[in-house]
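First the structure, in the form of structure tokens, and then the observations on it.
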Amino acid sequence: MIEQIDTYEGNILAVEIIDGFTETDEKICQKFFNEKLAEGFDYVNVLIKLDELKLSHSSTKAFMEDIIWTLRHYKQMGNLAIVAHSKILKALVPIDGFFFERLRKGFEERYFDASQMDKALDFLKK
């Protein structure tokens, strides 16, 4: 299930994935993103909180659709903050960030521990 953590003024979108990630969640996330673009922003800074995600309850198809959608819309993405409590994600985000930064010069993808939500939001606000 996907939920907006809070609504923020400006071009910040903050979502949390709880339990599993489904195709419906993917469509909802796209809707949130498009709503921010409709406000007139050229790009959207995104925070994704994953500390309660259970991969076993998630749809592989939803993840694949998300990857395809992201590749098609990467020019509209600003900074990305991945918030979780995972050693695996902590190791993978910098690798993914390397490729993201090559595609989107001037923007970054960073990992934050779940206890660092304020720092993640500050990163997106700068």
Revision key, fill the gap. Non-local residues with an amide H under 5 Å from the amide H of Met77, with H modelled 1.01 Å from N and Pro and chain starts lacking one, are Val44
Review point. If the cut-off is 16 Å between C-alpha atoms, which lysines fall inside it for Lys87, apart from same-chain ones fewer than 8 positions away?
Key: Lys49, Lys54
Study note, to complete from the structure: Assertion target for Phe33, Phe107, ordered by fewest C-beta neighbours within 10 angstrom first, is Phe107, Phe33
Study note, to complete from the structure: For Phe123, the net charge from surrounding residues (Cβ-Cβ under 11 Å; K, R +1; D, E -1) works out to 0
Point to revise | Charge dipole (debye, nearest 20) of the chain; +1 at Cβ of Lys and Arg, -1 at Cβ of Asp and Glu | key: 520 debye
Practice item. Go through Lys61/Lys126; Lys75/Lys119; Lys61/Lys90; Lys75/Lys125 and tell me which ones have a Cα-Cα distance over 28 Å in this structure. Key: Lys61/Lys126
Review point. Roughly how large, in nm² to one decimal, is the mean projection of the convex hull of the alpha-carbon atoms in the chain?
Key: 7.0 nm²
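Helix-derived [θ] at 222 nm for the chain: sum -39500 (n - 2.57) over DSSP H runs of at least 4, divide by residue count, nearest 500?
Result for the chain, helices only: -14500 deg cm²/dmol.
Values in this text are rule-based calculations from the coordinates and carry no lab data. Just so you know, these numbers come straight off a predicted model, no measurement behind them. Neighbour counts are summed over all protein chains in view; Cβ atoms, including those assigned to glycine, are modelled from backbone coordinates with ideal geometry.
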